[in-house]
Amino acid sequence: MGRIVEWFRTIARRIRAWWVALRAPGQFLCDSCRYDYGDACRRPERPNARRCEDYRRR
Ligand code: SF4
């Protein structure tokens, strides 16, 4: 059961990342992300992420 839930969460994160990137073509998501400060985000694509599964709007 836990594996199915995790699978659905993964799919949901990917769909969300795709949708966010679709709505902001050509923009760097980090500029409007709530995790773009200090050590809050350690993703290698920061600060120029165009698609990100952890993106949350400020
Ligand atoms: S979570 Fe993603 S969008 Fe947000 S700052 Fe990190 S890399 Fe950028």
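So in the chain, with the set limited to residues that are among the aliphatic types (A, V, I, L, M) and exposed (fewer than 12 other Cβ atoms within 10 Å of the Cβ), which one is modelled with the lowest pLDDT?
Restricting to residues being among the aliphatic types (A, V, I, L, M) and exposed (fewer than 12 other Cβ atoms within 10 Å of the Cβ), the top hit is Met1.
Can you find even one residue in region 38-47 that is in contact with a helix residue (DSSP H, G or I) (Cβ under 9 Å, 6 or more places away or on another chain), near the ligand (Cβ under 10 Å from one of its atoms) and in contact (Cβ under 8 Å) with a residue 24 or more places away in the chain?
No, there is no match, as no residue in region 38-47 is in contact with a helix residue (DSSP H, G or I) (Cβ under 9 Å, 6 or more places away or on another chain), near the ligand (Cβ under 10 Å from one of its atoms) and in contact (Cβ under 8 Å) with a residue 24 or more places away in the chain.
The values are calculated or read from the model by the stated rules, or taken from the named source; none is laboratory data. Since this is a predicted model, take the numbers as computed values, not measurements. Neighbour counts run over all protein chains shown; Cβ positions are idealised from the backbone, glycine included.
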